[in-house]
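Colleague: This is the structure, below, for whatever I ask next.
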Amino acid sequence: MPNRTIYIREEDLATFNRVQESSGESISSIVIEALKRYMQEEEGKEKKNQEHIKTSALLDLLWQEAMTAQASDIHIQPTFHGNSVQIRMEGALRDLAPFPQSLYPKVVEYLKSQACLNSREMNTMEYGRITIPYQSKKIEATISIIPTFLGDAVSLKILNTSEGIPALEQLEPGAEHEGELAKMLRKTHGILLVTGTAHSGKSTTLYSLVQQLKANHSRVITIESRIEKVLDGCLQIPLKNSQPKEYCAAIRSAMYNDPDVLMVDSVQDKEVARLCVEVAMKGHLVLFTTQDTSSLSALKGLIGLGIERYLLKDFLAGIVSQRMLRSLCERCKELYEAGETEKNAFPKILIGEKFFKAAGCPQCRGTGYRGQFPIMEILTCDKKWQQIILQKTENEITREEEMSKLLDDAILKARKGFTSLYEVLRVLSMLSA
Ligand SMILES: [Zn+2]
């Protein structure tokens, strides 16, 4: 191999000589080794940089698609053959294109670093917040990393903290329950529950109720494991975790701050529930949510948590139970007359009665539906219910009577053309499942 002359700068000559002396061997092999390492490092950096750009671009596409569809949640998870990406829109899950499998770990790592989570830590459950760039806005979301058998899964919940909170009359089309809700809010003390399964819109209702109380000049303190919306003029206390101890400590601290109204975002524990009742007994109005399927389940749940019936009778202001129905797309909904099939499914309707059904157009992406609204049943603790709470066993409290209120509300909304009978059937069969 022909020799080549390599020129080095005079100031580097001393270093060069020292390396040659200490190595005791040909300096060219040392230089070559160092150059190889340098090249590997640079190529690695370049590859990493390209992967980073690609990951960021793919996530930008996902944000774009999810926000355009007004998704409430985004789920990214490993599967047996690769990975899956899903968004929840109008209560239903929809599949999107998965990430290239080679980039999946990078996507998880990227999201963790954006949420300031420990990106190197694998197989650890972690929670945080993340900002999603969309058009010129920054959308807030919570992020949770769940280690699964196949690897880390990521769930994002879009918060839309800047989106307005609906007034009571805007909560549902037709505003049938506005009067009942406003009446419950006139109570100065007691407990007021909003209950429903996941994705039943109970947080929005709770925020709307609290906003109304604030407008009524009440001093409001909220205790929330996840602040979904900003309530102007209220003291919102975020919790580090959802442990009962954390809730109890925050409730006790809040009581030193002179609240008229206390809102606790979720009560699923005996100790927290009892503390809420104690606060109500001291003359405050306490609002909270539970994850029950109906008003009666929520009532039984409170009894099950060990709250004495005589206390419930005196301090239960009311229970709002709700579900979400999809709204028919105004552009393409079609009028038709109900026949035998509809009559069999809903004995309360008439054959020949006019309803609307979903059709599908580009505006609603062919689904026939755009947006959602709640159907509600409200249990106000009047004399009749006070007697039931005191005297009836849990088994005697029949579920059907209250369930029919949700059904009645759903049929009323279908009669007014806000939704279809098919949608009512879909949601109610989920209820009875
Ligand atoms: Zn349409």
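Colleague: Within the stretch 287-309, identify whether any single residue is within 16 Å of the ligand (Cβ to nearest atom), within 30 Å of the chain's Cα centre (by Cα) and not hydrophobic (A, V, I, L, M, F, W, C), and answer yes or no.
Modeller: In the first step, residues of the stretch 287-309 are kept if they are within 16 Å of the ligand (Cβ to nearest atom); the result is none.
The answer is no, given that none of the residues of the stretch 287-309 is within 16 Å of the ligand (Cβ to nearest atom), within 30 Å of the chain's Cα centre (by Cα) and not hydrophobic (A, V, I, L, M, F, W, C).
Colleague: Sticking with this structure for a sec: For F346, work out the one condition from (1) within 14 Å of the ligand (Cβ to nearest atom); (2) open to solvent by less than 40 Å² (accessible area, probe 1.4 Å); (3) of a type in the set (F, W, Y); (4) within 17 Å of L412 (Cα to Cα) it doesn't fulfil.
Modeller: It is condition (1) that F346 fails.
Colleague: Please determine whether any residue of the stretch 309-322 is within 13 Å of G417 (Cα to Cα), assigned by TED's automatic domain parsing to the domain that holds E180 and either touching a strand residue (DSSP E or B) at 6+ places or on another chain (Cβ under 9 Å) or in a helix (DSSP H, G or I) (or both). Step through it out loud before you land on a result.
Modeller: If we filter the stretch 309-322 for residues that are within 13 Å of G417 (Cα to Cα), which is where we start, we get none.
No: the stretch 309-322 contains no residue that is within 13 Å of G417 (Cα to Cα), assigned by TED's automatic domain parsing to the domain that holds E180 and either touching a strand residue (DSSP E or B) at 6+ places or on another chain (Cβ under 9 Å) or in a helix (DSSP H, G or I) (or both).
Colleague: Just one of A250, A215 is more than 21 Å from the chain's Cα centre (by Cα), under 22 Å from K157 (Cβ atoms) and assigned by TED's automatic domain parsing to the domain that holds M184; which is it?
Modeller: After ruling out the rest, the residue left standing is A250.
Colleague: Quick test for you: out of E65, E90, pick the one residue that is outside the structural domain of R426 (by TED's automatic domain parsing), touching a Gly at 6+ places or on another chain (Cβ under 9 Å) and under 30 Å from F373 (Cα atoms).
Modeller: When all the criteria are applied, what remains is E90.
Colleague: Which residues, taken from the stretch 48-96, are open to solvent by 80 Å² or more (accessible area, probe 1.4 Å) and either touching a Pro at 6+ places or on another chain (Cβ under 9 Å) or assigned to a loop (DSSP other than H, G, I, E, B) (or both)?
Modeller: Matches in the stretch 48-96: K54, Q70, F80, H81.
Colleague: Being at positive phi and free of Cβ contacts under 8 Å to residues at least 12 places away in the same chain is the requirement here; does H199 meet it?
Modeller: In short, no.
Colleague: Let me ask another. Being modelled with pLDDT under 90 and either over 22 Å from F315 (Cβ atoms) or under 17 Å from the mean Cα position of the chain (by Cα) (or both) is the filter here, so list the residues in the stretch 180-195 that pass it.
Modeller: Matches in the stretch 180-195: none.
Colleague: Those residues that are at pLDDT below 85 and open to solvent by less than 10 Å² (accessible area, probe 1.4 Å), I need them from the stretch 398-411; list them, please.
Modeller: Correct list: E402 only.
Colleague: Okay, next question. Among the residues of the stretch 3-28, write down those that are surrounded by 10 or more Cβ atoms within 10 Å (Cβ to Cβ), of a type outside the set (F, W, Y) and in a helix (DSSP H, G or I).
Modeller: L13, T15, N17, R18, V19, Q20, S23, I27, S28
Colleague: Among the residues of the stretch 234-244, is any free of Cβ contacts under 8 Å to residues at least 60 places away in the same chain, closer than 18 Å to L305 by Cβ and part of a helix (DSSP H, G or I)?
Modeller: Yes: one or more hits.
The values are calculated or read from the model by the stated rules, or taken from the named source; none is laboratory data. These numbers come from a predicted model, not from an experiment. Please note: Cβ atoms are built from the backbone with ideal geometry, for glycine as well, and neighbour counts cover all protein chains shown. Side chains included, ligands, DNA and RNA excluded: accessible areas come from the protein's heavy atoms. Shrake-Rupley method; radii C 1.70, N 1.55, O 1.52, S 1.80 Å.
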